[in-house]
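Some notes on the structure that comes next.
Read the figures in this text as sums done on the coordinates, not as results from a lab. Just so it is clear, the structure is predicted and the values come from calculations on it, not from any experiment. In this analysis, Cβ positions are derived from the backbone assuming ideal geometry, glycine residues included, and neighbour counts consider all displayed protein chains.
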Amino acid sequence: EIMIRLLKLTGLLLLAAFWVLARLGRGAVRRGLARSNLNVSSLAQDFFIKMTSRVIMLLGLIVAIGQLGFEVAPLLAGLGIAGFVVGFALQDTLGGIASGFTLLADQPFSAGDWIESGDVEGRVIDVNWRSTRIENRNGDLVVIPNGQLAKATMVNFDQPSRFHRVMVPVQIERSAPPTAAKAMLLDAARSTAGVVADPPPVIFVTNIADPVVDYVTQMWIDDYA
């Protein structure tokens, strides 16, 4: 019984040690990516940081299980079979994750970019491994599976070009009708010198308070106009 307790204590100590190593590894990878000259997106950085921690903890778990006297080889073989079955059942989901890797490698856009794909056009809010969330012109949230986005033709209006985007915050009294307020802001943007018609100006509501509503006018300026 004393031996069993010692083995359990040793296993817990090993897990604690690997937990510390995982945190140190996350920090080392984060600092390394920050200091490197590599053009790595925030999505890729987050992936590498989390994967470092998970791999170290997985190794710690395997070592701890072996310390407790269990045969590790049959366990790994069983996990491999289970992984195959789960992978076959979730092949569509895994395909979406693979598409997320494709977007990660190509880096066609990042959060905040204005893109168009198929019949969807809007501002990228968030990118994860399964889907991309876009806020369209009406302020609606559109979720696009990465598998669909990776296969479709896409236009990124925020890529380096002769145009640059300008965001102008404006506060308007809450008593003003939203339709009339947006129309007024659009007219003002369209009549501004250098503002291009394509992509067109877009009005967003960022905050509704009392007594004002916060609007943002998003427009693109032609640098050579």
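Key figures for this structure:
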item	result
Sequence-distant residues sharing a close amide H with Val212 (under 5 Å, placed H)	Arg174
Residues in segment 53-67 that a label on Thr10 would reach, taking backbone N under 13 Å of a point 7 Å out along Cα→Cβ	63-67
Kirkwood Rh and Cα Rg combined as Rg/Rh, segment 163-225	1.02
